[in-house]
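Encoded as structure tokens, the structure appears first; notes follow it.
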Amino acid sequence: MQISQLFNQLNNQKLTKLLTQTIALGVGAIVLLSSTNANAAEQVVLKYGTFQGQVSIEELSQFTETGKTTPTLTAYLQAAQQDPAVARKALKAPIKADPAFLNNLLSSWAGPILVDQIGEVVHPPVGRLDQQALRSALSASIKQNGEVTLLGAIQNYPNTSVELEGDRLISVYERLSNLAELL
């Protein structure tokens, strides 16, 4: 009897340990999978010539979706003498196409050209444009919405902070619009 009790106790300890590890693994997986953009940008540094200010991704997303600005964003747009309607349109204007086609476009000879165009406006705060990082941000945007937008590139950029060159925003928007018409 003592041997069977010892065997049952060992099995219960192993079972408890296995169950604890399984629960811990499950909780870890849920945390990792539920935070899809854990490495995505959180802050945007708006730059207009020598003017520079920070806004959150939430503020920029709200502005792009609803047209409503926060007092901070309103002040930045006024200081930069930027028309909010035009800036909003430029941020949300899509290049719509089949997601597989857009991903193939990014992988083709035209991909670096498209990435460079968007990289003129959206890039890391310091250093040179990381084409692969921006390409992955664009791919993530395509997977989410089936389109490429400047806001999507910003939201999915794999860095905690990203710069938005406001003085180049309109010209890049116009070039992307021309490209969208060709697609």
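The values are calculated or read from the model by the stated rules, or taken from the named source; none is laboratory data. None of these values were measured; they are calculated from a predicted model. As a convention, Cβ positions derive from the backbone with ideal geometry for all residues, glycine included, and neighbour counts pool all protein chains shown. Surface areas here come from the heavy atoms of the whole protein model, side chains and all, with no ligands, DNA or RNA. Shrake-Rupley method; radii C 1.70, N 1.55, O 1.52, S 1.80 Å.
If you take the residues of the stretch 97-114 that are in contact (Cβ under 8 Å) with a residue 12 or more places away in the chain and surrounded by fewer than 15 Cβ atoms within 10 Å (Cβ to Cβ), which of them is nearest to G53 (Cα to Cα)?
Applying the filter and picking the extreme gives P112.
For L73, are the conditions met, namely being within 14 Å of L150 (Cβ to Cβ) and at pLDDT 85 or above?
Taking the combined requirement at face value, the residue does not satisfy it.
Output yes when any residue across the stretch 115-134 is among the charged types (D, E, K, R) and surrounded by 16 or more Cβ atoms within 10 Å (Cβ to Cβ), and no when none is.
Within the stretch 115-134, one or more residues are among the charged types (D, E, K, R) and surrounded by 16 or more Cβ atoms within 10 Å (Cβ to Cβ).
Among all residue pairs at least 6 apart or on different chains, which show Cβ distances below 9 Å where the first residue, located in the stretch 125-136, is among the β-branched types (V, I, T) and the second is open to solvent by less than 50 Å² (accessible area, probe 1.4 Å)?
V126/E163
Is it the case, given these coordinates, that V148 is crowded, with 16+ Cβ neighbours inside 10 Å, closer than 20 Å to V45 by Cβ and either without any contact (Cβ under 8 Å) to a residue 24 or more places away in the chain or out of contact with any Lys or Arg (no Cβ under 7 Å at 6 or more places or on another chain) (or both)?
Judged against the criteria, V148 is not a match.
Surrounded by 21 or more Cβ atoms within 10 Å (Cβ to Cβ) and modelled with pLDDT of 85 or more: which single residue out of I142, I154 fits that description?
Result: I154 is the single residue among I142, I154 that is surrounded by 21 or more Cβ atoms within 10 Å (Cβ to Cβ) and modelled with pLDDT of 85 or more.
Name, by its number, the condition in (1) in contact (Cβ under 8 Å) with a residue 40 or more places away in the chain; (2) within 20 Å of E42 (Cβ to Cβ); (3) open to solvent by 50 Å² or more (accessible area, probe 1.4 Å) that does not hold for D167.
(2)
Tell me the residue from S108, S136, S141 that is closer than 29 Å to T74 by Cβ and not acidic (D, E), please.
Matching residue, one of S108, S136, S141: S141.
Which members of the stretch 172-183 meet the condition of being open to solvent by less than 50 Å² (accessible area, probe 1.4 Å) and either under 18 Å from P84 (Cα atoms) or charged (D, E, K, R) (or both)?
V172, Y173
What residue, of V148, V172, V162, is within 21 Å of L73 (Cβ to Cβ), among the β-branched types (V, I, T) and in contact with a Pro (Cβ under 7 Å, 6 or more places away or on another chain)?
V162
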